[in-house]
1. Assuming Ser367 fulfils every condition listed in (1) of a type in the set (Ser, Thr, Tyr); (2) within 10 Å of the ligand (Cβ to nearest atom); (3) open to solvent by 60 Å² or more (accessible area, probe 1.4 Å) apart from one, which condition is it?
2. Test Val161 against the stated conditions and say whether it is of a type in the set (A, V, I, L, M) and at pLDDT 75 or above.
3. Only one of (1) part of a loop (DSSP other than H, G, I, E, B); (2) modelled with pLDDT of 90 or more; (3) away from the ligand (no atom under 14 Å from the Cβ); (4) touching a strand residue (DSSP E or B) at 6+ places or on another chain (Cβ under 7 Å) fails for His350. Which number is that?
4. May I ask you to verify whether Ala411 is away from the ligand (no atom under 13 Å from the Cβ) and under 18 Å from Gly365 (Cα atoms)?
5. Any residue that is at pLDDT below 70, of a type outside the set (Lys, Arg), within 30 Å of Tyr25 (Cα to Cα) and open to solvent by less than 60 Å² (accessible area, probe 1.4 Å) - is there at least one of those in the range 46-67?
6. Can we say Glu420 is under 13 Å from Val370 (Cα atoms) and away from the ligand (no atom under 13 Å from the Cβ)?
7. Criterion first (aromatic (Phe, Trp, Tyr) and within 30 Å of Leu304 (Cα to Cα)) does Trp268 satisfy it?
8. Would you please list the contacts, defined by Cβ atoms under 6 Å and residues six or more apart or on different chains, that run from a residue in the range 439-455 that is outside any helix (DSSP H, G or I) and more than 8 Å from the ligand (Cβ to nearest atom) to a residue that is open to solvent by less than 30 Å² (accessible area, probe 1.4 Å) and charged (D, E, K, R)?
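The values are calculated or read from the model by the stated rules, or taken from the named source; none is laboratory data. Everything numeric in this text was worked out from a predicted model, so none of it was measured. Cβ placement follows ideal geometry from the backbone for every residue including glycine, while neighbour counts extend to all protein chains displayed. Surface areas here come from the heavy atoms of the whole protein model, side chains and all, with no ligands, DNA or RNA. Shrake-Rupley method; radii C 1.70, N 1.55, O 1.52, S 1.80 Å.
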Amino acid sequence: MTRPRFTNKIVLFLVASAVALLATYLFWSLTPEVKTLLEHRMGARPSPSADTIITVVKLFLIGILAYLFVRALNSLFFALAFSLKRIDTPTLIRNIFTIIVFTILFLVAFTFLFPDVNLGALFTTSAIFGVILGLALQDTLGNFFAGISLQADRPFQVGDVITVGAQRHTGVVEEISWRAIKIRTFQNHIVLIANSNAAREPIEVCPRDNLNARLVFFNTLYTDSPAKTIHVVREAVREADNVSDKVTPIVRIKNLGDNGVDYEVKYWLIDYAKYNDTDALVRQRIWYAFRRAGLNFAFPTRTLHIERRHGSEMRDGDGGAITERLSAVDIFAPLSADETTMLAQAAVRHVFAPGETVIRAGDPGSSMFVVHKGRVSVQVNENGRPRTVATLNEGDFFGEMALFTGEPRTANVLALEETEVLEIGHAAMKRVFDTNPDLVESLSFVMSERREGLASQADSTATSSDSSAGILSAIKRFFGI
Ligand code: CMP
């Protein structure tokens, strides 16, 4: 497509040159006749004189010839000289060359044809000429000098992808002329950005010979393993066309989103100008890789928690594990399977972070807790410092003292690691006590032992059996047994 266009241009150029040469030759040889004709037409006192008109026409014809000559010289010089060095000649340099050579030739012709006119004086003394020229060429000169600085800086070259201008035009640079940067957008439109505008705006450049990266986003269900997802996607993307094998694509979790785990893939392109196609191909490869690996994209989802309420107590859905846990608690050993299940249904699960307080000394309390997972520390304050009284593990219980006596909490209980506890309230315990009066006794014994542990050495005077008897009657009173 470019060949015939090029040939057409040459033919046009040759025809124009031939016509211009012929016209100049004819005008020169017919000068006396033209002069006579003009003088005859203009009468006795012509102004301007016939000579001046003829010289201006000659200057015009020479100007045309000079222009054609400069264009030919330009093509010969740049096409030949630069093609040897295999570099693209910037259009701006070619234009500057044309302007300078043409101006020189024109001025030589002018001084030759108008030897009496002092050109220097004409330019330096004419202030009005300067102002008019300055105003008229304000934008043009701005573009011209911005173009020169673009050529000098070379922030980008023909073939690079750039994003420029207030409208953030993105495309491949096709030409940097004395007036504008010409880019071809990915919709195959041409956008011209005036050099002076481009000089003021930030320009994002993705050089042709640079490894430019792209980001593509996708997501998975929370049930899909991140390690597997990352491996599968990385392998799928690195195989895709136009993805550079010089850098391995990076797949990483970007966010734990509302609908699923959000990922981004960063990959590097061989030809950045084709990033739209490559992004699309990468997404396609991810889809197929997901299909093969059994991974799932996340749709907008909601996790629904259904609570079943009974009175003021909240029952837990995971009854099996809780029943198992409670039946392993030694004080609940005498309970029947039904009673343990009833207790499990009444239990409420709570999770605490390491270091969080589960129970605070002095607070009122009407429930007890069983450690389901993790560990807690029982601490009392002595002389302003915490003293650890006991460490309780999975299957141990605490908080029974306040529950069974109605007194405030006797100690602080803190989670030592991430800990899940089962909270059992007053009402559920009363039901158990009603059918198992023996339970009260074993509990009162545990509580009296704990009381001894709580008291400092100095004031532990009462014996364990005295204290146990006191607690026993306190529990019975409190629960009305
Ligand atoms: P309560 O007083 O309700 O709140 C603090 C809890 O710490 C308490 O019940 C007991 O369950 C527990 N506790 C107090 N002292 C000890 C101890 N010496 N050993 C184990 N646990 C204790």
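1. The single condition Ser367 does not satisfy is (3).
2. Numbers: of a type in the set (A, V, I, L, M): yes; at pLDDT 75 or above: yes.
Yes; evaluated as a whole, the condition is true for this residue.
3. His350 satisfies all of (1) part of a loop (DSSP other than H, G, I, E, B); (2) modelled with pLDDT of 90 or more; (3) away from the ligand (no atom under 14 Å from the Cβ); (4) touching a strand residue (DSSP E or B) at 6+ places or on another chain (Cβ under 7 Å) except (1).
4. no
5. Yes, the range 46-67 contains at least one residue that is at pLDDT below 70, of a type outside the set (Lys, Arg), within 30 Å of Tyr25 (Cα to Cα) and open to solvent by less than 60 Å² (accessible area, probe 1.4 Å).
6. yes
7. Details: aromatic (Phe, Trp, Tyr): yes; within 30 Å of Leu304 (Cα to Cα): no.
No, not satisfied.
8. Matching pairs, first to second residue: none at all.
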